[in-house]
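Below is one structure, written out as structure tokens; the observations come after it.
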Amino acid sequence: MMRFTATPLRVAAIGRTGRGDWGHAIDELWGGLEGVDLVAVADESEEGLAKAVERNTLRRSPDAEPLAAHRDWRAMLAAVKPDVVAICMRHIDCHAEMAIAAAEAGVKGIFMEKPFVRTLAEADAVIAACRKSNSKLSLAFVNRYSPAYAAARDLIEEGRIGKVLELRSRGKEDARGGGEDLWVLGCHVIDMMVDLGGAPQWCEANISQGGRPISRADALAGPEGIGLIAGDSVVAMYGLADGPIGYFASVRDAGLKQPNFGLTVVGTKGAIHIRPDHVPHAYLREAPLWRVDKEFPWKPIGAEGLVSAPVNQSDVDRAAERLGWGRRAAVDLIDAIGEDREPETGMYVGRTVLEMTTAAYASALEGVRMSWPMAARGNPLGERHPGVPHP
């Protein structure tokens, strides 16, 4: 629900064509939302900026103020003084810098494409800046805002699948399988794992390259600004506060991309499988996974619970569905500003997911179980980022 009924919050969006672009259409989430008005966009690319202005102007009401266009995002912050900044690019090498600058400029809210930032030191610095200015920060873990996800969560809490024993997740396992998959796509399923299973308590992991354990000598610069990564196979196990064990696994070129990507919640009486970015978004099996003596169908879960009729995939506009989830995330940020609370997928959530990624590498490299809280705040593979404090 939207809490703002007075002057709309003024939103400014930052993209970076060729280096993360505009993410998953994050600049387009704000058009038509009650209580907000997109007033400015920034992109260092002249062509990218022109396209951003064109697509967002089409979404604006005739009486909206002219959309300001800037090549320099810092100049935009100074000139426009927005209430909310959307950091849209997928490449995360600039996320911390932009979020800290936005908080220091006094914005009320920050909406950021995932993953969060590169290191726990960067996460700490962003959180400190946001706490100082009381800026609310939300991450685009949009799968958590699907109505079907909420319905699946209700079924779990109602005991429909019994006691939750395990939460098993996999990445897309295409050419990005392994370390890149953990970073770029694993954050979605790990976020849901924590939401459904509780905060991480410990991690044990094995990350390998060509069948042998990785070492720091295997580290390569990852794509999308994520820093150093390694490994074509990742297997990580997490102890979760609510009792179950969480798993993440990804092996390069191990599957069919989309069918692999997801989270399966395994209970004593049944299971729920969640497919990120898909409709149907979730399915219920009303029998334990180890019951194979007869057929137990996977029943689709919709916004209101179990779906009686099969879903015709040709009738589903996945892009429109995902945009709707993103808009719900944007609404949650606006409500969080009005209610002075953390968004559902806020900066502390982002740091936890990043800490689980970091813990997997640290455990694999050191050959030991990592416990919370993590002491080291840098990249376990040895990278350091100028301008951000590291222990």
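Restricting the range 126-162 to residues that are more than 22 Å from His281 (Cα to Cα) and among the basic types (Lys, Arg), which is surrounded by the most Cβ atoms within 10 Å (Cβ to Cβ)? Among residues in the range 126-162 that are more than 22 Å from His281 (Cα to Cα) and among the basic types (Lys, Arg), the one surrounded by the most Cβ atoms within 10 Å (Cβ to Cβ) is Lys136.
Yes/no matrix, rows are residues, columns are (1) under 22 Å from His278 (Cα atoms); (2) in a strand (DSSP E or B):
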| position | (1), (2) |
| --- | --- |
| Ile190 | yes, no |
| Trp202 | no, yes |
| Asn206 | no, yes |
| Gly231 | no, no |
| Gly239 | no, yes |
| Asp242 | no, no |
| Ala249 | yes, yes |
| Asp253 | yes, no |
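Taking the range 70-85 as the range and being surrounded by fewer than 24 Cβ atoms within 10 Å (Cβ to Cβ) and either among the hydroxyl-bearing types (Ser, Thr, Tyr) or in contact with a Lys or Arg (Cβ under 9 Å, 6 or more places away or on another chain) (or both) as the test, the residues that pass are Val80, Lys81, Asp83. Just one residue in the set Ser233, Ser250, Ser169, Ser208 is closer than 16 Å to Gly267 by Cα, surrounded by 18 or more Cβ atoms within 10 Å (Cβ to Cβ) and among the polar types (S, T, N, Q); that residue is Ser169. Scanning for something of a type outside the set (Ser, Thr, Tyr), farther than 13 Å from Gly346 by Cα and touching a residue at least 24 places away in the same chain (Cβ under 8 Å), does the range 108-115 turn up at least one residue? Checked the range 108-115: at least one residue is of a type outside the set (Ser, Thr, Tyr), farther than 13 Å from Gly346 by Cα and touching a residue at least 24 places away in the same chain (Cβ under 8 Å).
Across the range 317-376, which residue is nearest to the chain's Cα centre (by Cα) among those that are surrounded by fewer than 20 Cβ atoms within 10 Å (Cβ to Cβ) and of a type in the set (Phe, Trp, Tyr)? In this case the residue turns out to be Tyr348.
The residues listed here are Val235, Val279; of these, the one that is in contact (Cβ under 8 Å) with a residue 40 or more places away in the chain, aliphatic (A, V, I, L, M) and not assigned by TED's automatic domain parsing to the domain that holds Cys94 is Val279. Before we move on, is Cys88 of a type in the set (A, V, I, L, M, F, W, C) and surrounded by fewer than 24 Cβ atoms within 10 Å (Cβ to Cβ)? The answer is no for Cys88. If you go through the range 270-295 and keep only what is within 26 Å of Gly186 (Cα to Cα), part of a loop (DSSP other than H, G, I, E, B) and among the basic types (Lys, Arg), you end up with just Arg275.
For the range 6-60, the candidate set comprises residues that are under 19 Å from Arg328 (Cβ atoms) and out of contact with any Lys or Arg (no Cβ under 9 Å at 6 or more places or on another chain); within that set, the residue that is surrounded by the most Cβ atoms within 10 Å (Cβ to Cβ) is Ala13. Within the range 256-276, can you find the residues that are in contact with a His (Cβ under 9 Å, 6 or more places away or on another chain) and surrounded by 21 or more Cβ atoms within 10 Å (Cβ to Cβ)? Phe261, Gly262, Leu263, Val265, Ile274, Pro276, listed by residue number.
Listed by first and then second residue, the pairs with beta-carbon distance under 8 Å, at least 6 apart or on different chains, first residue in the range 293-308 and in contact (Cβ under 8 Å) with a residue 24 or more places away in the chain, second among the hydroxyl-bearing types (Ser, Thr, Tyr) and in a strand (DSSP E or B), are Trp298/Tyr283; Ile301/Tyr283. Got a sec? Which of Glu355, Glu342 is in contact (Cβ under 8 Å) with a residue 60 or more places away in the chain and either in the same structural domain as Val194 (by TED's automatic domain parsing) or part of a loop (DSSP other than H, G, I, E, B) (or both)? Residue meeting the stated conditions: Glu342.
For every residue, the table says whether it meets (1) among the basic types (Lys, Arg); (2) closer than 21 Å to Glu344 by Cβ; (3) in contact (Cβ under 8 Å) with a residue 60 or more places away in the chain.
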residue	(1), (2), (3)
Glu122	no, no, yes
Ser135	no, yes, no
Leu139	no, yes, yes
Arg153	yes, yes, no
Val164	no, yes, yes
Gly171	no, no, yes
Gly177	no, no, yes
Asp181	no, no, yes
Ile190	no, yes, yes
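Every listed requirement among (1) out of contact with any strand residue (DSSP E or B) (no Cβ under 6 Å at 6 or more places or on another chain); (2) in contact (Cβ under 8 Å) with a residue 60 or more places away in the chain is met by Ile26 save one, (1). When we screen Ala336, Ala230, Ala287 for residues that are outside the structural domain of Gly179 (by TED's automatic domain parsing) and touching a residue at least 12 places away in the same chain (Cβ under 8 Å), the only hit is Ala336.
Being more than 25 Å from Ile226 (Cα to Cα) and of a type in the set (Phe, Trp, Tyr) is the requirement here; does Trp73 meet it? Answer is no for this residue.
Where strands (runs of 3 or more DSSP E) fall entirely within the range 53-138, those with at least 1 residues that are out of contact with any Phe, Trp or Tyr (no Cβ under 8 Å at 6 or more places or on another chain) and of a type in the set (A, V, I, L, M, F, W, C) are at 68-70, 109-112. Suppose the filter is under 24 Å from Glu180 (Cα atoms), crowded, with 20+ Cβ neighbours inside 10 Å and of a type in the set (A, V, I, L, M); does Ile110 pass it? In short, no.
The values are calculated or read from the model by the stated rules, or taken from the named source; none is laboratory data. Quick caveat, the model's predicted, so the values are computed rather than measured. With ideal geometry, Cβ positions are generated from the backbone for all residues, glycine too; neighbour counts draw on all protein chains shown.
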